[in-house]
1. Tell me which residues, restricted to region 25-81, are small (Gly, Ala, Ser) and at negative phi.
2. If you take the residues in region 1-21 that are assigned to a loop (DSSP other than H, G, I, E, B) and touching a residue at least 40 places away in the same chain (Cβ under 8 Å), which one is nearest to Glu55 (Cα to Cα)?
3. Residue under question is Gly24, and the condition is that it be over 10 Å from the mean Cα position of the chain (by Cα) and open to solvent by less than 70 Å² (accessible area, probe 1.4 Å); does it hold?
Amino acid sequence: MRDIRINGYKRIGKRTAKKLYEMGKPVLFCPVNLRPGGMWGIGCTVIKKEGRTFEQDVTEFEFYNCNSEAGYYTAFYIEEV
């Protein structure tokens with residue numbers, strides 16, 4: 001994956017996002033055609049909750065937020081320090 005950095009966020013792959021999620025770290029979910037941060041505050045920071053899986057959270061996010069304009073899948077970001 002290319003090194004993509006936008007508005008203080010770094011894009012990561014799905015496997016890396018899943019590992020961070022399982023460790024309890026915050027991961028930003030964003031539709032692929034939109035950019036995180038910015039004046040509209042696009043994206044949703046997700047932290048692992050008891051009784052939930054990474055796949056459940058991704059599926060829910062894509063159902064409600066992904067479409068033909070925003071993109072059909074989720075891009076994952078972490079906040080840069």
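The values are calculated or read from the model by the stated rules, or taken from the named source; none is laboratory data. What you see is a predicted model; the values in this text were computed from it and never measured. Glycine also receives a Cβ, built like all others from the backbone with ideal geometry; neighbour counts cover every protein chain displayed. Side chains included, ligands, DNA and RNA excluded: accessible areas come from the protein's heavy atoms. Shrake-Rupley method; radii C 1.70, N 1.55, O 1.52, S 1.80 Å.
1. Kept after step one, since they are small (Gly, Ala, Ser), are these residues of region 25-81: 37-38, 41, 43, 51, 68, 70-71, 75.
Listed by number, the residues that qualify are Ser68, Ala70, Ala75.
2. So the first thing to find is which residues in region 1-21 are assigned to a loop (DSSP other than H, G, I, E, B), and the list is 1-4, 7-8, 13.
Now restrict to residues that are touching a residue at least 40 places away in the same chain (Cβ under 8 Å): 8, 13.
Numbers: Gly8: 25, Gly13: 14 Å.
Here the answer is Gly13.
3. On the way: over 10 Å from the mean Cα position of the chain (by Cα): yes; open to solvent by less than 70 Å² (accessible area, probe 1.4 Å): yes.
Yes; evaluated as a whole, the condition is true for this residue.
Matching residues to (1) open to solvent by 50 Å² or more (accessible area, probe 1.4 Å); (2) of a type in the set (Lys, Arg); (3) in contact with a helix residue (DSSP H, G or I) (Cβ under 7 Å, 6 or more places away or on another chain); (4) within 15 Å of Ala75 (Cα to Cα):
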| position | (1), (2), (3), (4) |
| --- | --- |
| Asp3 | yes, no, no, yes |
| Lys18 | yes, yes, yes, yes |
| Phe29 | no, no, yes, yes |
| Gly38 | yes, no, no, no |
| Gly43 | no, no, no, yes |
| Gly51 | yes, no, no, no |
